[in-house]
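Novice: First the structure, then my questions, so here it is.
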Amino acid sequence: MIKPLADRVLVEPKEAETKTAAGLYIPDTAKEKPQQGVIVAVGPGKKDEPMEVKVGDEVLYGKYAGTEVTVEDKKYLIMKQSDIFAIL
């Protein structure tokens, strides 16, 4: 498994919605990039900046935050803690 360094976290993004509230299916070309996910791994933090998130937290992050990586056919994002807007 991936172990983030310093103030970085590993996030498993939620799946993009495939259907609207009215029941219409959204084609792949029109799906928005998800902005929510679950923390899978957390780095140790920096000396002057402790980690505020922990494994299992559901978070909201920026639309273009992080770097996408694929491990064993699963997509993850590695991002800095400062790219996270809120814990849900």
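The values are calculated or read from the model by the stated rules, or taken from the named source; none is laboratory data. Bear in mind the structure is a predicted one, so any value in this text is a computation, not a measurement. No Cβ is skipped: glycine too gets one built from the backbone with ideal geometry, and neighbour counts run over all protein chains shown. In case anyone asks, the SASA skips ligands and DNA or RNA and just uses the protein heavy atoms, side chains included. Shrake-Rupley method; radii C 1.70, N 1.55, O 1.52, S 1.80 Å.
Novice: Of everything in the stretch 10-34, what is acidic (Asp, Glu), modelled with pLDDT under 75 and not in a loop (DSSP other than H, G, I, E, B)? Give them in sequence order.
Specialist: Across the stretch 10-34, the qualifying residue is only Asp28.
Novice: What number of residues within the stretch 68-88 are open to solvent by 40 Å² or more (accessible area, probe 1.4 Å) and touching a Gly at 6+ places or on another chain (Cβ under 9 Å)?
Specialist: 4
Novice: Please specify each residue of the stretch 25-57 satisfying the condition of being in contact with a Lys or Arg (Cβ under 9 Å, 6 or more places away or on another chain) and among the polar types (S, T, N, Q).
Specialist: Gln35, Gln36
Novice: Find the residue count for the stretch 45-86, including only residues that are in a strand (DSSP E or B), hydroxyl-bearing (Ser, Thr, Tyr) and within 15 Å of Lys33 (Cβ to Cβ).
Specialist: The number of residues fulfilling the criteria is 3.
Novice: So which of Lys33, Lys14 ends up being in contact with a Gly (Cβ under 8 Å, 6 or more places away or on another chain), open to solvent by less than 100 Å² (accessible area, probe 1.4 Å) and of a type outside the set (Phe, Trp, Tyr)?
Specialist: Only one candidate qualifies: Lys14.
Novice: For the stretch 44-88, which residues satisfy the criterion of being among the acidic types (Asp, Glu) and under 18 Å from Leu5 (Cβ atoms)?
Specialist: Answer for the stretch 44-88, where residues must be among the acidic types (Asp, Glu) and under 18 Å from Leu5 (Cβ atoms): Asp48, Glu49, Glu52, Glu68, Asp83.
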